[in-house]
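A.B. asks: Quick one: the structure is below, questions incoming.
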Amino acid sequence: MDFIRKTVLPCTILFVFVIGISYFLKSYMVAEALQAEQVIENIYENINGFSLSSDDSATMKKLGAASVYGEILYGSLEVLLDTLHINNNDVFYDFGSGVGKAAMQVALNTNAKKVVGLELSADRINRAIRAKERLAELGYKNHADRLIFQEEDFLEVPINDATIVYLCSTCFPDDMMEKIVNKIIDLDQPVKIISLRPIDNQVAQLVNEYKLPMSWSEGLPVYIYQTIKELNT
Ligand SMILES: C[S@@+](CC[C@H](N)C(=O)[O-])C[C@H]1O[C@@H](n2cnc3c(N)ncnc32)[C@H](O)[C@@H]1O
């Protein structure tokens, strides 16, 4: 009887307590993730990147950017974020961020120090900035402060602080891919690259490979690479 009171009972209470706490934390995390998805859906109800003004379309055509538009889906990006273990030392770049939905998801669901969306289209970047303002209005000011949208050609702008670069690269031609990869491997620090097109494994090591749905496809290969740097650099 004494054994039950002194050992079995406290152990049972502790066990139930630990299970209860872990169940609570798990449901809290699921609720947080659900909430982020709903926040993004709400913000983007009236904001999309698929249509452009005729002026912007003409400019994009002149700059040689592909006229087709597509987005990574929320669930697909979550799969990638689960593997990346982004922390507050990370700076995430989205090369061709469109209206900024993916970048916003990274800012909402990770502790990244900074999330930068670079986009050539003036219309899309203006919509992304509007979405970011709305995020702050909804009470996510700290997340919005870490989110930066710049109307820039990603080939031209310095990215010295990048630790993760996302390339929605399906439509990026070979010469553009080569310039992007050279730009990234020139950086001093190792960088993780998420790409929808494979990269030469001499310059970056394949870490993971997935098949994930996108707005324009039911299942597309997505690769995560890590640039190869000497240990003492
Ligand atoms: C397919 S969308 C991807 C949107 C977002 N990254 C996602 O995955 O959900 C690609 C975007 O890249 C932009 N883009 C193409 N070339 C670019 C360049 N050189 N610099 C900046 N943006 C570019 C296009 O305007 C388009 O909005």
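What follows is calculated from the coordinates using simple rules that are stated; it is not laboratory data. Please read these numbers as outputs of a predicted model, since none were measured by experiment. A quick note on method: Cβ atoms are made from the backbone with ideal geometry, for glycine too, and the neighbour counts reach across all protein chains shown.
A.B. asks: In terms of the ratio Rg/(2.2 N^0.38 Å) built on C-alpha atoms, what value belongs to the range 194-233?
C.D. replies: 1.41
A.B. asks: Using the beta-carbon distance between Asp175 and Asp82 and R0 = 41 Å, what value does 1/(1 + (r/R0)^6) give for FRET efficiency, to the nearest 0.05?
C.D. replies: Computed FRET efficiency for Asp175 and Asp82: 0.80.
A.B. asks: Arrange the following residues from fewest to most other Cβ atoms within 10 Å of their Cβ: Ser57, Ser195, Ser97.
C.D. replies: Ranking Ser57, Ser195, Ser97 by Cβ neighbours within 10 Å, fewest first, gives Ser57, Ser195, Ser97.
A.B. asks: FRET efficiency for Arg130 and Thr12, Cβ-Cβ distance as r, R0 = 45 Å, nearest 0.05?
C.D. replies: 0.25
A.B. asks: Taking R0 as 22 Å, what FRET efficiency do you get between Glu45 and Lys141 from their Cβ-Cβ distance, rounded to the nearest 0.05?
C.D. replies: 0.60
A.B. asks: With 10 angstrom as the radius, rank Val222, Val191 by how many other C-beta atoms surround their C-beta, starting from the fewest.
C.D. replies: In order of increasing Cβ crowding within 10 Å: Val191, Val222.
A.B. asks: Among Gln202, Thr12, Thr59, flag the residue with its Cα farthest along the positive direction of the charge dipole of the chain, charges on Cβ as +1 for Lys/Arg and -1 for Asp/Glu.
C.D. replies: Thr12
A.B. asks: What number, rounded to the nearest 500 deg cm²/dmol, is the helix-based mean residue ellipticity at 222 nm of the chain, given -39500 (n - 2.57) per DSSP H run of at least four residues and division by all its residues?
C.D. replies: -13500 deg cm²/dmol
A.B. asks: Something else: For a footprinting-style exposure proxy, rank Val16, Val116, Val39 by other Cβ within 10 Å, fewest first.
C.D. replies: Sorted ascending by nearby Cβ count, the order is Val16, Val39, Val116.
A.B. asks: Measure off 7 Å from each Cα along the Cα-to-Cβ vector at Gln202 and Asn182, then give the distance between these two points in nanometres to one decimal.
C.D. replies: Label-label distance for Gln202 and Asn182, simple model: 1.4 nm.
A.B. asks: Also, quick follow-up: Just to confirm the number: angle between the C-alpha axis of helix 54-63 and the first principal axis of the chain, 0 to 90 degrees, nearest 10?
C.D. replies: Around 80 degrees separate the two axes.
A.B. asks: Quick check: residue separation of Gln150 and Ala58 times 0.36 nm, minus the Cα distance between them. What number comes out in nm?
C.D. replies: The Gln150-Ala58 span can extend by a further 31.2 nm.
A.B. asks: When each pair of different Cα atoms in the range 62-204 is counted once in the 1/r mean, what is the Kirkwood radius in angstroms, to one decimal?
C.D. replies: 15.4 Å is the Kirkwood radius here.
A.B. asks: Once fully extended, how much extra length lies between Lys211 and Gln226, figured as 0.36 nm per residue of separation less the alpha-carbon to alpha-carbon distance?
C.D. replies: Value of the extension gain: 3.6 nm.
A.B. asks: If contacts are Cα pairs under 8 angstrom and at least 6 residues apart, what is the relative contact order of the range 49-227 in percent?
C.D. replies: In percent, rounded to a whole number, it is 20.
A.B. asks: Given an 8 Å cut-off on Cα distances and at least 6 residues of separation, report the relative contact order of the range 101-161 as a percent.
C.D. replies: Relative CO of the range 101-161 lands at 43 percent.
A.B. asks: For the charge dipole of the range 49-227, defined by +1 on Lys and Arg C-beta atoms and -1 on Asp and Glu C-beta atoms about the Cα centroid, which residue among Leu187, Val68, Thr83 has the Cα displaced farthest towards the positive pole?
C.D. replies: Checked the options; the winner is Thr83.
A.B. asks: Next up: With +1 on each Lys and Arg Cβ and -1 on each Asp and Glu Cβ, how big is the dipole of the chain about its Cα centre, in debye rounded to the nearest 20?
C.D. replies: Roughly 740 debye for the chain.
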